[in-house]
1. Considering the options Val142, Gly59, Pro313, tell which one lies farthest towards the positive end of the dipole of the chain, charges being +1 on Lys and Arg and -1 on Asp and Glu at the Cβ, about the Cα centre.
2. With a 1.4 Å probe and all protein chains left in place, how much accessible area per residue does the chain have, in Å²?
3. Taking just the alpha carbons, could you work out the radius of gyration and Dmax for segment 263-304, both in angstroms?
4. In whole percent, how big is the carbon plus sulfur part of the accessible area of the chain, probe 1.4 Å, protein atoms only?
5. For Lys160, go through the lysines and keep the ones whose alpha-carbon is under 30 Å away, minus same-chain ones fewer than eight residues off.
6. Rounded, prolate or oblate for the chain? Axes are the square roots of the Cα gyration tensor eigenvalues, ordered a ≥ b ≥ c, and the cut-off for rounded is a/c under 1.5.
7. For the chain, what does -39500 (n - 2.57) per DSSP helix run (n ≥ 4), summed and divided by total residues, give at 222 nm, in deg cm²/dmol to the nearest 500?
8. How big is Rg to Rh over segment 1-51, alpha-carbon atoms, Rh as the Kirkwood inverse-mean-distance radius?
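The values are calculated or read from the model by the stated rules, or taken from the named source; none is laboratory data. Just so we're clear, the structure is a prediction, and the values are computed from it rather than from any experiment. No Cβ is skipped: glycine too gets one built from the backbone with ideal geometry, and neighbour counts run over all protein chains shown. We work out accessible area using only protein heavy atoms, side chains counted, and drop any ligands, DNA or RNA first. Shrake-Rupley method; radii C 1.70, N 1.55, O 1.52, S 1.80 Å.
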Amino acid sequence: MRRLAQALKAEGLTGVRVTTPHYLGILAPSDGIPSNASFRAGYNTKLFPAMLQFHRDTGSPFMVNPYPYFSYRPETLNYALFRPNSGIYDPATKLNYTSMLDAQMDAIYTAMKKLGYGDVDIAVGEAGWPTQAEPGQIGVGVQEARDFNEGMIRVCSSGKGTPLMPNRTFETYLFSLFDENQKPGPIAERHFGLFNPDFTPVYDLGLLRDGASVAPTPSPNPSPNPSPKPAPSGGGKWCVAKDGANGTDLQNNINYACGFVDCKPIQSGGACFSPNSLQAHASYVMNAYYQANGHTDLACDFKGTGIVTSSDPSYGGCKYVS
């Protein structure tokens, strides 16, 4: 990042800012209360102090990708979608959060402030909500996507800010402009867009003019359809819960991993809901976390309750990513 900034400066391109996006896995496991947030061990000493100093020196924002969609449960749906709810109370700050996005942003801010960098701007690299998902999944549809994105725009652009960052705006990139109809993975991954691949709108977020619902004339010589890219490979290795692991530990593993990976498949109606057991559900999400974090032995440790295997644990319609 420093070298890029130096090269841009040498070329006279001083208006180009350098940053890099982070998912919320940079935070240490916590209970979801913003004041308890901190960066993960190691990151808080070896990585982010220097990076945040770079952002302070160059005036560039610290960029995060908060995704309430990947953290919500049916009982927290209203909290994730900016709908009326009782909220989450933070006893340390005496603030009540009725928006999961606010809580996630303030958690990042708290972690930065604990390192002495609360003055550095925060930008949202991407966030959104899908309009389609697996059959029977609660909380996904056009209205839910509209509610989330409208709420996010209000938070980030109105100047009201968040409970710990009042009167601030946040440069924000909405995910996404188009549905990605050839993207592999769960159904939801193909349906975050405001527009279909043929340019017709999925729904209006206030960007359309009259008549904009008509698709443009297609090119007379369309490009051939590209082949879908394969999912990242873990080299034929998977992470599963150890036989005999304590049920409390497995539930904690689920709670933790679901803050960073898509856990919809283990919810009711999902492809991996059955068998409805802690062992099966924990194995699925522990593997998803393991694959998303470089499929290293450390990413499968889970305080000694995980084990790496070369035997594919997939079954029926439940496919474990590898």
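1. Positive-most Cα among the choices belongs to Gly59.
2. Per residue, the chain has 52 Å² of solvent-accessible surface.
3. So, for segment 263-304, Rg and Dmax equal 11.0, 31 Å respectively.
4. Of the solvent-accessible surface of the chain, carbon and sulfur hold 54 percent.
5. The reachable lysines, counting only those whose Cα sits under 30 Å from Lys160, are Lys94, Lys113, Lys114.
6. The shape class here is rounded.
7. About -7500 deg cm²/dmol.
8. When Rh is taken as the Kirkwood radius, the ratio is 1.16.
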